[in-house]
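Down below is the structure, laid out as structure tokens.
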Amino acid sequence: MSKADVVLGCFYGDEGKGKVIDYLASAADIAVRATGGDNAGHTIKVDGVKYAMHLIPSGILSGHTIGVIGNGVVLNPEVLMQEIENLVAHGYDVEHFLKISDKAHVILPYHSMLDVALEKTRASRIGTTGKGIGPAYCDKYERSGLRVEDMYAQSFKEKLQGLVESRKALLKFYDPTDETIDQILDFDKVYEAYSEYARLLKPYVCDAVTYLHKALEEGKNVIVEGAQASLLDIDFGSYPFVTSSNPTIGGIITGTGLSAMDIGNVYGVIKAYSSRVGAGPYVTELLDATGDRIRELGHEYGTTTGRPRRCGWLDLVTLKYSKRINGLTALSVNHLDTIGKFDKIEVCVAYDQDGKRTEDFSTNLEFLAASKPIYQEFDGNFGDISGCRTFEELPKNAQDYIRFIESYIGIPVKFIGVGADREAMIVR
């Protein structure tokens, strides 16, 4: 039997997981997406074409890797069809290279409406993308959600009607004057649209749990693509400023049906600095010209939303926490070229908690609010490293920076991103 390798984000997302996945997919038979919805995205550039993959595993772009959407994903059929059509238009054989778990939950039109309505009522906004992800997971755990397999059941129409009518009433409770509710949630229109989605998606639907286990039993090379990142985990992130699923290793297991015994390497992905989209605590954030310069040099704008990301120095206290909860076996450090443009680079090695030093992280909001970063300084000015393909080709300052990260965290850095292109990466 083979084991599935996993690629996870260590901080707040947008670390460049797609680049590592793209490399691993070159030798992978199967790439799996396990959690989240179209609130996440991996951006990959292939032959000059940029693909923003929100639901379909980006590993499918290898041309020979089968993409599997696991049961832990909440699926917006409209977005999925757009991605399928885009891939087909660029020559990809999606019919033979895409599979969808019959247990994945389906996002319906009212989910995004509820998402927006709930955000408006909050005294403190959590920065939702408004894609309906949270309400879809609410339905899942409230045990009223619609799964992919339900679209092919005899009870589909009856179940869908019950959901649409009850959520229509709930939306009118939030805003009785909204005239668009009846228009968007006209049941006949919703039923017609989702019946068509069911027809179009049927060739891809399968028992993904059995499919993945048989693939491992046959010795196939399987990678699992993490979405979002560890500090956005519903349990282990800075709650409530988190996503609605578990983008940590536990979510990989429950979102695929694989067991702990089936997991091989767990690669944690970071940038050589840090960033965050949306509200929530962020200890090393730089609200100054340095933070602005990192944003511009790193092109830090969201794949899904286009929102400017908050930027700051690398936080090794947080990274140690991420290693612990995920069981990371190695790291990928992206944007080394970006941070190397600074004369001096700061790295957070501990927190000052009211005069007491700690290297242990907590997601408690009061703990984070009281934490001040303690930095260690490194020399920058790496020069143009985009052509480097071995560690030895990097300038000494860059090597020292990577070696310090390794010594602090206690695991090797296997991948180093040295430029924007897919080939601009050192593999050790």
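How much mean residue ellipticity at 222 nm does the chain get from its helices, if each DSSP H run of length 4 or more adds -39500 (n - 2.57) and you divide by all residues, to the nearest 500 deg cm²/dmol?
About -10000 deg cm²/dmol.
Take segment 262-386, drop everything but the C-alpha atoms, weight them equally and run the Debye formula without solvent; then report log10 I(q)/I(0) at 0.16, 0.19 Å⁻¹ to two decimals.
-0.87, -1.18
Which links in Lys17/Lys120; Lys320/Lys344; Lys103/Lys220; Lys140/Lys202; Lys50/Lys159; Lys320/Lys396 stretch past 28 Å when you go from one Cα to the other?
On the way: Lys17/Lys120 32 Å; Lys320/Lys344 23 Å; Lys103/Lys220 23 Å; Lys140/Lys202 21 Å; Lys50/Lys159 39 Å; Lys320/Lys396 24 Å.
Beyond 28 Å: Lys17/Lys120; Lys50/Lys159.
In percent, what relative contact order does the chain have, based on Cα pairs under 8 Å that are 6 or more apart in sequence?
20 percent
Place a +1 charge on the Cβ of each Lys and Arg in the chain and a -1 charge on the Cβ of each Asp and Glu, then give the dipole magnitude about the Cα centre in debye, rounded to the nearest 20. Present the calculation step by step, with values, prior to reporting the outcome.
Values: 46 positive and 59 negative charges, 108 e Å.
Roughly 520 debye for the chain.
Kindly put Glu300, Glu406 in sequence by how many other C-beta atoms sit within 10 Å of each C-beta, fewest to most.
With the sparsest Cβ surroundings first, the list reads Glu406, Glu300.
Can you give me the Kirkwood hydrodynamic radius for segment 105-200, using every pair of distinct Cα atoms, in Å to one decimal? Spell out each step's value before the answer.
Details: mean 1/r = 0.0718 Å⁻¹.
About 13.9 Å, per the Kirkwood formula over Cα pairs.
Could you order peptides 212-223, 67-78, 384-395 by the average number of other Cβ atoms within 10 Å of their residues, highest first?
Numbers: 212-223: 17.1, 67-78: 24.8, 384-395: 14.2.
Ranked from most to least packed, the peptides come out as 67-78, 212-223, 384-395.
Just to be sure I understand: of the beta bridges DSSP finds with both ends in the chain, what percent are antiparallel, rounded to 5? It would help to have the intermediate numbers written out before the result.
Details: 26 of 61 bridges.
Of those bridges, close to 45 percent are antiparallel.
Looking only at Ala208, Ala330, Ala279, which one moves most when the chain is put into a Gaussian network model with springs between Cα atoms under 10 Å?
Comparing Ala208, Ala330, Ala279 in a Gaussian network model of the chain, the most mobile one is Ala279.
Using a Förster distance of 35 Å, how high is the FRET efficiency between Ser407 and Thr290, based on the Cβ-Cβ distance and rounded to 0.05?
On the way: r = 25 Å, r/R0 = 0.72.
Approximately 0.90, to the nearest 0.05.
Using R₀ = 30 Å, calculate the FRET efficiency as 1/(1 + (r/R₀)^6) where r is the Cβ-Cβ separation of Thr390 and Lys45; round to 0.05.
Values: r = 23 Å, r/R0 = 0.76.
For Thr390 and Lys45, the calculated efficiency is 0.85.
Using only the alpha carbons of segment 251-323, what is the convex hull's orientation-averaged projected area in square nanometres? Before the final figure, lay out each step's value.
Details: hull surface 25.7 nm².
Mean projected area for segment 251-323: 6.4 nm², to one decimal.
Could you tell me, in Å, what Rg and Dmax come out for the Cα atoms of segment 1-132?
When restricted to Cα atoms, segment 1-132 yields Rg and Dmax of 15.7, 51 Å.
Do any trypsin sites (Lys or Arg not before Pro) in segment 73-180 lie in a DSSP loop with no more than 15 other beta carbon atoms within 10 Å, and if so, which?
Details: sites: Lys99, Lys103, Lys120, Arg122, Arg125, Lys131, Lys140, Arg143, Arg147, Lys157, Lys159, Arg167, Lys168, Lys172; in loops: Lys103, Arg122, Arg125, Lys131, Arg143.
Loop-located and lightly packed - Arg122, Arg125, Arg143.
Can you put Ser259, Ser322, Ser195, Ser238 in order, fewest other beta carbons within 10 Å first?
Working: Ser259 9, Ser322 26, Ser195 14, Ser238 22.
Going from least to most buried by this count: Ser259, Ser195, Ser238, Ser322.
Among Val49, Val32, Pro240, flag the residue with its Cα farthest along the positive direction of the charge dipole of the chain, charges on Cβ as +1 for Lys/Arg and -1 for Asp/Glu.
The residue sitting farthest along the positive end of the dipole is Pro240.
So how compact is the chain: Cα radius of gyration and Dmax in angstrom?
So, for the chain, Rg and Dmax equal 21.8, 66 Å respectively.
When we measure straight from the Cα of Lys271, which aspartates and glutamates land under 13 angstrom away, once same-chain ones fewer than 8 places off are left out?
By straight Cα distance, Lys271 reaches Asp14, Glu15, Glu300, Asp315, Asp337.
A short reminder: the numbers here are calculations on the coordinates, not readings from a lab. Everything numeric in this text was worked out from a predicted model, so none of it was measured. We place every Cβ from the backbone using ideal geometry, glycine too, and count neighbours over all the protein chains shown.
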